[in-house]
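Taking it in order: structure first as structure tokens, then the write-up.
The values are calculated or read from the model by the stated rules, or taken from the named source; none is laboratory data. Source: prediction; values computed, not measured. Glycine gets a Cβ as well: all are built from the backbone with ideal geometry, and neighbour counts include every protein chain shown.
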């Protein structure tokens with residue numbers, strides 16, 4: 001059961017990170033909006049510009065990552081379907097190596 005929670009945590013970590021970053025950007029935007037013209041308008045404009053640029057880079061990074069993950073999954077699926085026996089042999093070999101390494105670590 002503990003493994004299931006660890007897997008769920010790993011799977012949601014990117015989404016959690018993205019949500020945290022979006023919340024941070026929204027909070028910074030709200031702070032800038034609330035400060036209004038209290039400070040130098042030029043500084044506020046520069047900060048708003050940098051914030052918007054960061055928001056756009058984050059959106060592009062997220063979209064690129066989604067495309068790469070989807071392409072990697074499709075490639076893995078096609079490879080496994082094209083060569084199922086070789087795929088099973090590779091998976092068994094990796095499992096054996098991990099088992100040996102983890103077994104030595106416990107000693």
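Points worth noting:
- Filtered residues of segment 1-39 (kept if loosely packed, with under 10 Cβ neighbours inside 10 Å, more than 27 Å from residue 65 (Cβ to Cβ) and at pLDDT below 70): 1, 2, 36, 37, 38
- Taken as a whole, the condition of being over 24 Å from residue 28 (Cα atoms), out of contact with any helix residue (DSSP H, G or I) (no Cβ under 9 Å at 6 or more places or on another chain), at pLDDT below 95 and assigned to a helix (DSSP H, G or I) does not apply to residue 50.
- Residue 99 part of a helix (DSSP H, G or I), more than 26 Å from the chain's Cα centre (by Cα) and either closer than 30 Å to residue 18 by Cα or modelled with pLDDT under 95 (or both): yes
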